[in-house]
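The values are calculated or read from the model by the stated rules, or taken from the named source; none is laboratory data. Here the structure is a predicted model, which means the values were calculated and not measured. Cβ sites come from the backbone with ideal geometry, for glycine too, and all protein chains shown count toward neighbours.
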Amino acid sequence: MIQKTYIISSIDEIAGIAAEIHGMPVFKEASCKVLLAWSQRWNRDGFAEFRDEIVRLFPDLITIGCNHHNSDDILNGILDGPSEGDGCLLTFLLFEQSGASLYGIEPARGEEEREGCELRDLILNTENPSGVYIVPPDYYNSTEDVLKELKDITDVPVFGLKTSLHEGYSNFGYEPGREMMEGRLFALIFHGEALKIRVHYNLGWTPVGKTMTVTKEENPFFVDEIDGKAASYVYNKYLGLRNDQIIPGNLSEFPLILERDGLKMSRIGIAGPKEGQLVFGAPVHLNDKVGLSYGNPDDLFSEVVRDCNDIAEFKPEAGLLIICANRVMLLKERESEEVDIYRKQIKEAAAIYGYGEEFYINGKGGELNSALVSVAFKEVSHTDPECETYTSCGSDAKDNAVKTDDVMPLDSPIVPFPDRLSRMFKEMSKDLVKAVKEAEDANRAKSVFYSTVSHEIRTNLNTILGMNEMILKESGDDAILGYAGNIKGSGKVLQQLINDILDIGKLEAGKMEIVPVNYDVKEVMDELAAMAEYSAKEKGLELKYSVDEDLPYILQGDEKRIRQCILNLLNNAVKYTPEGEIIFKVRCSIEDEEHAILDISVKDSGIGIKPEDIEKLSIPFERVDSSKNYKVEGTGLGLNIVNNLLSLMGSKLEIRSIYGRGSRFSFAISQKIIRLTDDGERESHNAGSPEDSWGNLKTRDTSILVVDDTPMNHRIVRLFLKDSLIDIDTAQDGYTGIEMAKNKKYDIILLDHRMPDIDGLEVYKRIRADAESANSDSIFIMLTAEDGQGVRERFIEEGFADFMPKPFQPPMLEAIIRKHLPNDKIIS
Ligand code: ADP
């Protein structure tokens, strides 16, 4: 094949080129003739004239033409609109054995998926497709969604560029004998067994520093928040730019890098219309991990050299260089060097500039920024051994092929200051990234260790406390009851500590989830007040509880975590108040039609906190004023957990304190209103501690099966339900459980979730699926240590009647069994 490229400055010159092309001997024999044309800096009328002239002078060529800026425009910042002037780039591809088919897909915003499917079908219906050149219809259409539909197509590289298309500058496509088309998503599918196309993708920027997460966006081009802060903070913080300085000229050395399917892509985000917003020329999605990168001209060139080493091996006959405007901005007057490196290999290579480079192959790629996509073409005969299509993506290229010195001979012993600075900056950054990774790995290992150990302790502690409950219930010996009471007290403290450590682990790992449920807010507050009153009284303190009378009835929020926060504050107030009173206030105000703000405050007349100690309180394991409270049991974890939980729920703990006089802890939290009034529906609940009320269940003709791999759990269930007259069978593994369930009918089957051979879910499914089993329609309850979001919903969805979080205490077990037994089986 042959390529001819022309850069001209006047429309008048096109006629001369037409004569030259038509006169070429290969022209007549060509199996396919393609013209790719880009106008440069023409005004609207000029562009129309250019289009008509091209179609008139080349009626026998497949043509795609569009308007774009040239590199001078980019350097001069003329990006927003066409300017006066003229110029154009024409590249002719004359094939000897291969072909190309032009398609103009009707574009519509929001229908990129349909466009992608059309394109996919067109490629699949082409015999021996070797590559596809695409020209998107306009700047804002997200080609990424189009490209996604091509994921199952193998070894057909797609390449192209979004050039700057303005109103009245529709791209156009023409195929001999057909009507000219305008404003389409054009796809030129190259095909033929002999045609090989090699596509490379170069970046040249190196990621530096930490990665951040996109946390809020208006759409994939307008990003509002990164890491929960205004998106612009990335540039405010690291580059010291004010929002009005977030413009391409200040960012070209530092594009943001993100990774998709292992492929690094960069993105330039400039200040958007909203304060703190960033606007990108290529899509950035919610939860994308982005980080700053750094590059200087030499970095870019060294990748280009690598690329050219590969291209040299390929022995190309034609080429396209698809170049992001951002490279031009960075390379400035050296911009032509990068193109010259390629032109050593591909003499007539056409270099085009734009804003979103299209690169997609074998399910990878998308719309790029700051990249250089090189496309090399050649036609080979069937016997040629090296005729594979080949693509590589920047980092895939072989390091050992780099010969940067070829590009920039160092003729002076003094290395330029910017080069040394950049080298130092990058190497230091690499060291830091490595150190952070090592620290994170070590911290992760520590967290896993803590959580495993805590879990083990919790399970065994629960057994101890369970057994102790039996002693408390059954022993008549006062001395033994006293010992058991002490075990219970200390056990509770240990249990709280373990739960706190597990919570901290979850919070640190970002695995703590907020699970909104509907709850009766007054009931919850009354219960908390009753508990605090009990412990306050024991210490001779007075608890004053005041709650808004017109509190909404049902709110939606994470009841468990709100309880945990308030209880912590109440317990602290009791702990750190030697005498006096504690005031627990619950206020509520309506925020809008759907939300209410709960205002919670706990005030005490206790020891107080020194002003300088207040900010230390959110540090885990930090206890303050140790001389005064060394006798008070505590770990310094509670307030840290409260702070973290509140922040997950969109609130914040406020602390006011006068040392020696007392403290006030408060927070305001927005909750969804489910029902404002109870309409007389609220039942009177017993606010007494549920721990006291168990052992009363009596049943008749009831049998349950417990499938759990820990024998101690069998014992605990038996002991807890000792007086209930329930016939309890146990199985130590899933298979035995299934066998036992075959013949004997059980009212309830309790299944442990995690078991070694088959887990509880699988056991459940097998019993349910076995129509012969006596228990295919029994009631199943899952026992699990998991308590994250959706655990209950997941099991209920599977068909479980209920789930019971482990570790459980007698009252919970009894209540759940009572709930699911038919009434006629319950005596009391
Ligand atoms: P802990 O109570 O287990 O030590 P917390 O995280 O709940 O841990 O509290 C951290 C520290 O804050 C306590 O050790 C105590 O010094 C101080 N503190 C917390 N609540 C109060 C309070 N109501 N009055 C005085 N000091 C308090």
The lone condition residue 631 fails out of (1) of a type in the set (Lys, Arg); (2) modelled with pLDDT of 75 or more; (3) more than 9 Å from the ligand (Cβ to nearest atom) is (2)
Here the residues within the range 532-545 that are part of a helix (DSSP H, G or I), crowded, with 19+ Cβ neighbours inside 10 Å and either in contact with a helix residue (DSSP H, G or I) (Cβ under 8 Å, 6 or more places away or on another chain) or modelled with pLDDT under 90 (or both) are 532, 536
Of the residues in the range 755-774, those that are more than 11 Å from residue 707 (Cβ to Cβ) and of a type outside the set (D, E, K, R) come to 756, 761, 769, 771, 773, 774
A careful count of residues in the range 6-35 that are part of a strand (DSSP E or B) and modelled with pLDDT of 95 or more gives 4
Does residue 663 satisfy being of a type in the set (Ser, Thr, Tyr), at pLDDT 95 or above and in contact with a strand residue (DSSP E or B) (Cβ under 7 Å, 6 or more places away or on another chain)? yes
Discussion item. Just checking, does the range 259-277 include any residue being without any contact (Cβ under 8 Å) to a residue 40 or more places away in the chain, under 24 Å from the mean Cα position of the chain (by Cα), closer than 24 Å to residue 371 by Cβ and surrounded by fewer than 20 Cβ atoms within 10 Å (Cβ to Cβ)?
Written reply: yes
Out of (1) over 26 Å from residue 151 (Cβ atoms); (2) touching a residue at least 60 places away in the same chain (Cβ under 8 Å); (3) surrounded by 15 or more Cβ atoms within 10 Å (Cβ to Cβ), the one residue 249 does not meet is (3)
A careful count of residues in the range 344-358 that are under 15 Å from residue 319 (Cα atoms) and buried (at least 16 other Cβ atoms within 10 Å of the Cβ) gives 8
Is one or more of the residues making up the range 213-229 surrounded by fewer than 21 Cβ atoms within 10 Å (Cβ to Cβ) and of a type in the set (A, V, I, L, M)?
no
Within the range 572-608, residues being more than 8 Å from the ligand (Cβ to nearest atom) and not in a strand (DSSP E or B) number 9
Quick count over the range 261-295, residues being within 28 Å of residue 363 (Cβ to Cβ) and assigned to a loop (DSSP other than H, G, I, E, B), is 12
